[in-house]
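Contents: one structure, followed by commentary.
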């Protein structure tokens, strides 16, 4: 069970750090790949799109957390 928690924390940290890194990248660029100038509104839209892309892994992490908590409590009651 301890390995599951280690994996949960590791994957969670990777997800958070990659989201922060991509958000910083999107926010600091002035021109995108097509040559369009990035206004503040477009930057917010880009961050929102990135957020929706990270929504599914976040939901999976929450489900994984619930399973880990359930199994940990069950294991503690048996011990």
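Values quoted throughout were computed directly from the atomic coordinates according to the rules given, and no laboratory measurement underlies them. Please read all numbers here as calculations on a predicted model, not as lab measurements. Don't worry about glycine lacking a Cβ; one is built from the backbone with ideal geometry, like all the others, and counts go over all protein chains shown.
Values for this structure:
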{"item": "Förster radius 35 Å - calculated FRET efficiency between residue 76 and residue 45, Cβ distance, rounded to 0.05", "result": "0.15"}
{"item": "Relative exposure of 43, 77, judged by other C-beta atoms within 10 Å (fewest first)", "result": "77, 43"}
{"item": "Acute angle (nearest 10 degrees) that the helix 2-28 long axis makes with the longest principal axis of the chain, alpha-carbon atoms", "result": "10 degrees"}
{"item": "Dimensionless Rg over Rh [segment 2-74; C-alpha; Kirkwood]", "result": "1.17"}
{"item": "Relative contact order (%) - the chain, alpha-carbon pairs under 8 angstrom, separation at least six", "result": "41 percent"}
{"item": "Virtual spin-label span in nm between residue 20 and residue 36, 7 Å along Cα→Cβ", "result": "2.9 nm"}
{"item": "FRET E, pair residue 61, residue 29, Förster distance 35 Å, beta-carbon r, rounded to 0.05", "result": "0.80"}
